[in-house]
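First comes the structure, then the notes that go with it.
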Ligand SMILES: Nc1ncnc2c1ncn2[C@@H]1O[C@H](COP(=O)(O)OP(=O)(O)OP(=O)(O)O)[C@@H](O)[C@H]1O
Ligand SMILES: [Mg+2]
């Protein structure tokens, strides 16, 4: 049922979604822009949006389950402080947003993008938060466009135009690749989409030395005009110090307080968010069969190595200690797939004078998340491996029926997450990184 709220200047309203809002009269300030009569916006589940009236205003608000409306105390809110700092900035060029979990990074991303678009700029938005990505699926970084004059309350309302697959949601394992991925998306947005502004949201990993090294490397690589640091208590202090020390003369560094009333998402909220993410991009499912000789797994190129002569197979069986269904030499490593299903993880052994032996258990590939990429290493679609047929050199991958561009697939990239039949994450398959680095050493021919 819809309720009518009358707001006077000086009062703030905090709306927790799901909610649909219509401005009946007056003018309110929401997510960086002014909304006049007849404007509408939605607030998604588990999200809060602050509404500040500029004149006496009447709002019609329809709440969904768990939705809520409350009057916010001005001391609980940072909206005026943020507005004061943001209004002085030049939003052209690249802006990067840093901060811990649940401090309002995604909210600030939307506010900056809305503001820039309201000034007539074409805006590129990049969500580089692998775990809580609001633009595209988990384990990816994605780019979307906000057209001049367009505004949104949530990133999820935008369709990504380009994506990079990063294999996992554990940023600490792939942060160097994240930096490269984000850089490629920034270049794409500026060169191909002709945007004047790029706003980049990041993950909340900021507390360790490695995390700080990652964020500093990101700034070094992107050379942004503005760096926003959202500060809650002393959590971000080391990061702020590192950024100020290194970039004070190269970028505008803007430190903003976190909203004290921000909704803290539970681990459960975060897991649901991720799982909804995989399902959304794999449902309704269909199977796709690819020839691994023509469409290789770029980071573990099975069927692209050297064949092992038949007469050597007996020797390898002895070496492995059980029957093998496939073997070849990839990047100087002898890779053998064994029938021994007791093996839980791949076994990696030194063969004196001959490189490594990698023994994979039969079925190792089942459920692994993959990226199907074009020739420029951009993601076309996510997939989940069903099975590799070693006799035929083929792989069967579950993809969404909505994915119709299979002719564009140039290669497959193996991810580091295993999904079950419901596309829920069941395991992090971190050994993939090890396999990848072992075979990459000498795999000159692999793309
Ligand atoms: N000014 C505010 N007042 C109250 N709640 C807010 C405010 N700004 C954002 N929120 C809510 O706080 C929560 C966290 O904000 P947001 O998602 O923007 O943070 P984040 O840093 O991106 O978090 P994550 O680490 O989960 O990506 C969200 O539910 C958001 O709607
Ligand atoms: Mg976020």
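Rule-based calculations on the coordinates, nothing more; no lab input. Source: prediction; values computed, not measured. So basically every Cβ, Gly included, is an ideal-geometry build from the backbone, and we count neighbours across all protein chains shown.
To the nearest 10 degrees, how steeply does helix 171-191 sit against the main Cα axis of the chain, on a 0 to 90 scale?
On a 0 to 90 degree scale, this one is about 70.
Decide, for the stretch 2-76, between rounded, prolate and oblate: order the square roots of the alpha carbon gyration tensor eigenvalues as a ≥ b ≥ c, take rounded if a/c falls under 1.5, and otherwise choose prolate if a/b is larger than b/c, else oblate.
In terms of gyration-tensor shape, oblate.
When you count, for each residue, the other Cβ atoms within 10 Å and take the mean per peptide, how do 322-332, 67-77 rank with the highest first?
Averaged packing, sorted descending, gives the order 322-332, 67-77.
Among 365-378, 212-225, how do they line up by average Cβ neighbours within 10 Å per residue, starting with the highest?
Values: 365-378: 19.4, 212-225: 17.9.
Descending packing order for the listed peptides: 365-378, 212-225.
Quick check on the chain: of the DSSP beta bridges with both residues there, what percent are antiparallel, nearest 5%?
Details: 77 of 105 bridges.
Percentage antiparallel, nearest 5: 75.
Can you tell me the orientation of helix 431-440 relative to the chain, as the angle in degrees between its alpha-carbon axis and the longest Cα principal axis, to the nearest 10?
60
Over the chain, what is the relative contact order in whole percent, taking alpha-carbon pairs under 8 Å and six or more residues apart?
On the way: 1009 pairs, mean separation 57.6, N = 447.
This gives 13 percent for the chain.
Along the Cα→Cβ direction, 7 angstrom out, place labels at residue 347 and residue 210. What is the inter-label distance in nm?
Between residue 347 and residue 210, the label points sit 2.9 nm apart.
May I ask you to derive the relative contact order of the stretch 79-265, considering only C-alpha pairs under 8 Å and at least 6 residues apart, and to give it as an integer percent?
Values: 377 pairs, mean separation 56.2, N = 187.
Dividing the mean separation by the residue count of the stretch 79-265 yields 30 percent.
What's the angle, to the nearest 10 degrees (0 to 90), between helix 105-118's Cα axis and the longest principal axis of the chain?
Between helix and principal axis, roughly 60 degrees.
Just the number, please: Stokes-Einstein D of the chain in µm²/s, Kirkwood Rh from C-alpha pairs, 20 °C, 1.002 mPa s.
Here the translational diffusion coefficient equals 90 µm²/s.
Could you give me the percent of Cα pairs per 10 Å distance bin for the stretch 267-447, shortest bin first, beginning at zero and ending with the bin that holds the maximum distance?
Using 10 Å bins, I get a P(r) of 9, 36, 35, 16, 4, 0 for the stretch 267-447.
How would you rank 154-164, 36-46, highest first, on the average number of other Cβ atoms within 10 Å across their residues?
Values: 154-164: 19.9, 36-46: 15.9.
Averaged packing, sorted descending, gives the order 154-164, 36-46.
Which order results if 112, 121 are arranged by neighbouring Cβ count within 10 Å, fewest first?
Placing the least packed residue first, the sequence is 121, 112.
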